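Taking it in order: structure first as structure tokens, then the write-up.
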Ligand SMILES: *[C@@H]1O[C@H](CO)[C@@H](O)[C@H](O)[C@H]1NC(C)=O
């Protein structure tokens, strides 16, 4: 009797799960743009909460300062304020924290940038959470140890930035505005190296921006030189294929109407395409370093391999094509989608790449 009841209950749970899998999720997907958007940008996931962004040290950042970048968005026709941190390299710690009071927010931080010869990383994070997410903080530490300055920010709709619904054009506009601010803050004579570093969805953002820089600049009324290199941490070839291969999709990918309900709405969206492979094929003279672990469960390794193949192919007939380096982290060392910062070899890989691109004639 008891066993019978348990079995019955079990059966009904299984049945309702099946209903959810077979009917509810695909319908939600097909008919709700909001659901799709939430999947892509996941900016409603916001952990850890209640942070004091003004005070980066309370978020476990050493040597960071908070400020805002403000502009009029031509994409969303509204004013946008982005929350930004500037995090200084380890080599500046003594100077900054012992000799001078560098913790107050004022214009002096920009002086430090103006003077610097150190490489500067503009970090564009992936979907969900914000610039203070623990795995991102860990990556900033790696940059600091490499003696890089870090500029990291939240796109619209994330963190403490203006609450506007993110779209691909919107987040690319944000990245461009931060890039423009950064170049404006640096010296123009012997400018230090500027790296655009994207992680996960951020790799598509930096690729879009690098590929469309002249058009984007025109739109924003600016003239900006290209960055010295793109660094793509855990990139995918295009969003449609990434969605198909995402672990969530395994729940439903056996359904006969899977393509129509799940994949087509993504391909058909005007709010995001994130076709990194197409973007990067347009910039054969841009040096690129790709970083990917074979143990990545969120963006499978072979999507990065496909991206690499497409970009490599696009450079074959270009005489002055720039270096394209694809570094693979092997399986079995615990490295996945979010923790390449833990790799012992990462710093060497990045330094070697910078040496390689240094040799290019000015
Ligand atoms: C995404 O990549 C897949 C596999 O390479 C391809 O079949 C598909 O057409 C691509 N989609 C877009 C929008 O480029």
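The values are calculated or read from the model by the stated rules, or taken from the named source; none is laboratory data. Model, not experiment: these values are computed from the prediction. Glycine gets a Cβ as well: all are built from the backbone with ideal geometry, and neighbour counts include every protein chain shown.
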Exactly one of 314, 281, 270 is modelled with pLDDT under 95 and either within 16 Å of the ligand (Cβ to nearest atom) or closer than 18 Å to residue 125 by Cα (or both), and that one is 270
Quiz prompt | Condition check for residue 126: buried (at least 21 other Cβ atoms within 10 Å of the Cβ), modelled with pLDDT of 95 or more and in a loop (DSSP other than H, G, I, E, B) | solution = yes
Of the conditions (1) more than 17 Å from the chain's Cα centre (by Cα); (2) buried (at least 22 other Cβ atoms within 10 Å of the Cβ), the single one that residue 198 does not satisfy is (1)
Among residues of region 40-57 being assigned to a helix (DSSP H, G or I) and in contact with a helix residue (DSSP H, G or I) (Cβ under 8 Å, 6 or more places away or on another chain), the residue surrounded by the fewest Cβ atoms within 10 Å (Cβ to Cβ) is 40
Only one of (1) within 16 Å of the ligand (Cβ to nearest atom); (2) in a helix (DSSP H, G or I); (3) surrounded by 23 or more Cβ atoms within 10 Å (Cβ to Cβ) does not apply to residue 237, and that is (2)
Residues in region 302-321 that are without any contact (Cβ under 8 Å) to a residue 40 or more places away in the chain and in contact with a strand residue (DSSP E or B) (Cβ under 9 Å, 6 or more places away or on another chain) total 5
Within region 284-311, residues being within 24 Å of residue 167 (Cβ to Cβ), more than 10 Å from the ligand (Cβ to nearest atom) and either part of a helix (DSSP H, G or I) or at pLDDT below 95 (or both) number 1
In region 313-338, anything surrounded by 14 or more Cβ atoms within 10 Å (Cβ to Cβ) and in a helix (DSSP H, G or I) is listed as 314, 315
The lone condition residue 37 fails out of (1) out of contact with any helix residue (DSSP H, G or I) (no Cβ under 8 Å at 6 or more places or on another chain); (2) surrounded by 18 or more Cβ atoms within 10 Å (Cβ to Cβ); (3) at pLDDT 90 or above is (3)
